[in-house]
Amino acid sequence: MRISVVGTGHVGLTTAACLAHIGHDVLGVDDDAEKAASIARGEVPFHEPGLAELVREGLDAGRLRMSNDPREAAPHGEVVFVCVGTPTKDSGEANLVQVERVARMVADTLDGYTVVAEKSTVPVETGQWIRRTIEREARAGAEFDVASNPEFLREGRAVQDTLRPDRVVVGSHSPRAVERLREVYRPIVDGAGCPFVVTDLATAELIKHASNAFLATKISFINSVADICERTGADVETVAAAMGIDERIGAPFLKAGIGFGGECLPKDVRAFRYKADQLGVGFGILEAVERVNQARIDAFVEKIRGVVWNLEDKRVALWGLAFKPDTDDLRHSPALEVAERLVGGGAHVTAFDPVAMPAGKPLLPGVEFAADPYEAVRGADCLAICTEWSVFATADLERLRGELAHPVVVDGRNVMDPAAMAEAGFTYASMGRPTVGPAPHAG
Ligand code: UDX
């Protein structure tokens, strides 16, 4: 099928490459000419495992082409996927200007029956606005339908999540649009054996916001439990593991730490809360979710202060800048805020991240960067771990201890095993678990 994908962020480019991979004729559209041209050369503008290979495959096979002219999207696509950004305004409201721009451009260039499928995460009722906009602006008799087709991919696992999803959700009042999208996804749904959930437009939009808000709620919930664990000597990892065995609760997203970041969860919680307020629904839970998440940074910086005493002139090594592993995305990354707070407190910070340092350097002018994890800790008073990269979990503890000025580790993601850390002679503080090892600077 001929498909256009407007927007080449994580969702857009992954969608385009994966749909080309399963045999569709895909036109990727980005009005940033330089970006469109670099993707057309096979360059992926962000770190996402496996995506560059799929883009290359699509380009070589001629099933993926790029354009910087949005006016080509509707004439090419039997389905036009809208994957443009929906950033947050200061109020928390989602900014839908780019979505409206695409709707107007589609209206202006419609050519034969077209399904306009919103994939960008948008507040409920956005689809109605897209429909009204196209109805108002298209020539009389233009044939189109609007659908919501929310995307649930995770950064770092985007290809896998798109090709083997848990579910595909399509919301539209039009059976013709639903059938067209069923055709688009047939190879994926058959291959993954996953449900193809058909709903109305508003329900599909809500499924996305409600899902992300719920995931964020799980994280803030377990982080509050972690605080209780710390005050009572209990171990949050064991609490979470035992809770997760109950299938009504489920194990994922019960990992305590320095909180959730990224482009989606923080933005979606705020936008969902804003929309609920606008509809007169007091969604107080979401206010608490945000408040708890923000407090994680304070708690972590306090923990560091608790082991080094004053921050002034202390050398702190920071492992991890990305908001989670397998991405170079720094948007709303808790690690950045931690780094800024440490520098603001007078500490000398040296950071290492396996892939996010090029993106991090311009954002953290007061921070030094090391070529590898061990160089980062050389002579440091303490190591603070902010991202759960596997390379940190498998670090050589002897070497780490030898490089640090004092064997003190504060782990914001619980990547290390407390027993192993104690055994190796570290003072080791983590989130929601008892601190182990000698008191800092003992002896
Ligand atoms: C999220 C949703 O998971 C995905 O379905 C949606 O399409 C986009 O938003 P993503 O932003 O890639 O995906 O990140 P995710 O894996 O959800 O992690 C978000 C943040 O929560 C990270 O900072 C991560 O470290 C943190 N997290 C996650 C925890 O602190 N604890 C957990 O148990 C899980």
Result of the Cβ filter at 7 Å on the stretch 6-32, keeping first residues that are within 18 Å of residue 103 (Cα to Cα) and β-branched (Val, Ile, Thr) and partners that are part of a loop (DSSP other than H, G, I, E, B) and more than 14 Å from the ligand (Cβ to nearest atom), at least 6 apart or interchain, is 6/84; 8/30
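In the stretch 422-440, what residues are hydrophobic (A, V, I, L, M, F, W, C) and farther than 21 Å from residue 300 by Cβ?
The initial filter retains those residues of the stretch 422-440 that are hydrophobic (A, V, I, L, M, F, W, C), namely 422, 424, 426, 429, 431, 436, 439.
Across the stretch 422-440, the qualifying residue is only 424.
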Conditions first: (1) part of a loop (DSSP other than H, G, I, E, B); (2) buried (at least 17 other Cβ atoms within 10 Å of the Cβ); (3) of a type in the set (Gly, Ala, Ser). Residue 282 passes all but one, so which condition is the exception? (2)
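Take the conditions at pLDDT below 95 and more than 20 Å from residue 265 (Cβ to Cβ) and apply them to residue 177. Does it pass?
Values: at pLDDT below 95: no; more than 20 Å from residue 265 (Cβ to Cβ): yes.
When the stated conditions are applied, residue 177 does not pass them.
Step by step: first the residues of the stretch 242-279, then only those that are in a helix (DSSP H, G or I) and among the β-branched types (Val, Ile, Thr), then the one that is nearest to residue 431 (Cα to Cα). Which residue is that? Full working, then the answer.
Within the stretch 242-279, the subset in a helix (DSSP H, G or I) is 242-245, 265-278.
Next, only the ones that are among the β-branched types (Val, Ile, Thr) stay: 245, 269.
On the way: 245: 21, 269: 23 Å.
Of everything passing the filter in the stretch 242-279, 245 is nearest to residue 431 (Cα to Cα).
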What single numbered condition from (1) crowded, with 19+ Cβ neighbours inside 10 Å; (2) within 30 Å of residue 324 (Cα to Cα); (3) of a type outside the set (D, E, K, R) fails to hold for residue 146? (2)
Quick count over the stretch 266-284, residues being within 16 Å of the ligand (Cβ to nearest atom) and touching a His at 6+ places or on another chain (Cβ under 8 Å), is 5
Condition broken by residue 2, with the remaining ones in (1) surrounded by 22 or more Cβ atoms within 10 Å (Cβ to Cβ); (2) away from the ligand (no atom under 16 Å from the Cβ) satisfied: (1)
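Pick from 376, 384, 351: which is farther than 20 Å from residue 298 by Cα and of a type in the set (Gly, Ala, Ser)?
Working: 384 fails: farther than 20 Å from residue 298 by Cα; 351 fails: farther than 20 Å from residue 298 by Cα.
Step by step, each of 376, 384, 351 is checked, and only 376 is farther than 20 Å from residue 298 by Cα and of a type in the set (Gly, Ala, Ser).
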Quick one: is residue 115 under 27 Å from residue 271 (Cα atoms), surrounded by fewer than 23 Cβ atoms within 10 Å (Cβ to Cβ), in contact with an Asp or Glu (Cβ under 6 Å, 6 or more places away or on another chain) and of a type in the set (Val, Ile, Thr)? no
Checking the conditions here, which among 409, 415 is away from the ligand (no atom under 16 Å from the Cβ), within 21 Å of residue 308 (Cβ to Cβ) and surrounded by 17 or more Cβ atoms within 10 Å (Cβ to Cβ)? 409
Quick check: anything in the stretch 198-212 in a loop (DSSP other than H, G, I, E, B), within 12 Å of the ligand (Cβ to nearest atom) and in contact (Cβ under 8 Å) with a residue 40 or more places away in the chain? no
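Which helices (runs of 4 or more DSSP H) sit wholly inside the stretch 317-398 and have at least 2 residues that are in contact with a Gly (Cβ under 9 Å, 6 or more places away or on another chain) and within 15 Å of the ligand (Cβ to nearest atom)? Step through it out loud before you land on a result.
Working: elements: 334-344, 357-360, 373-377, 390-393.
Output list reads 334-344.
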Among the helices (runs of 4 or more DSSP H) lying completely within the stretch 74-185, list those that include at least 2 residues that are more than 19 Å from residue 14 (Cβ to Cβ). 97-109, 126-137
Among the residues of the stretch 218-237 satisfying the criterion of being part of a helix (DSSP H, G or I) and among the aliphatic types (A, V, I, L, M), which is nearest to the ligand (Cβ to nearest atom)? 219
Selection count, the stretch 238-263, where residues are more than 7 Å from the ligand (Cβ to nearest atom), more than 24 Å from residue 318 (Cα to Cα) and not hydroxyl-bearing (Ser, Thr, Tyr): 13
Checking residue 301 against (1) in contact (Cβ under 8 Å) with a residue 24 or more places away in the chain; (2) within 16 Å of the ligand (Cβ to nearest atom); (3) part of a helix (DSSP H, G or I); (4) closer than 16 Å to residue 413 by Cα, only one condition comes out false. Which one? (2)
Tell me which residues, restricted to the stretch 348-373, are farther than 17 Å from residue 395 by Cβ, among the small types (Gly, Ala, Ser) and within 25 Å of the chain's Cα centre (by Cα). 356, 359, 360
Note on the stretch 155-195: residues within 16 Å of the ligand (Cβ to nearest atom) and over 27 Å from residue 128 (Cα atoms) are 155, 156, 157, 158, 159, 160, 161, 163, 164, 188, 192, 194
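Within the stretch 34-52, can you find the residues that are in contact (Cβ under 8 Å) with a residue 60 or more places away in the chain and assigned to a helix (DSSP H, G or I)? If you could, list the steps in order and put the result at the bottom.
Quick first cut of the stretch 34-52, residues in contact (Cβ under 8 Å) with a residue 60 or more places away in the chain only: 46-51.
Correct list: 51 only.
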Only residues that are polar (S, T, N, Q), surrounded by fewer than 20 Cβ atoms within 10 Å (Cβ to Cβ) and within 25 Å of the chain's Cα centre (by Cα): list them for the stretch 294-347, please. 294
Which condition breaks for residue 31 when tested against (1) surrounded by fewer than 22 Cβ atoms within 10 Å (Cβ to Cβ); (2) within 16 Å of the ligand (Cβ to nearest atom)? (2)
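The values are calculated or read from the model by the stated rules, or taken from the named source; none is laboratory data. Because the structure is a prediction, the values reported are computed rather than measured. Positions of Cβ are backbone-derived with ideal geometry, glycine not excepted, and every protein chain shown enters the neighbour counts.
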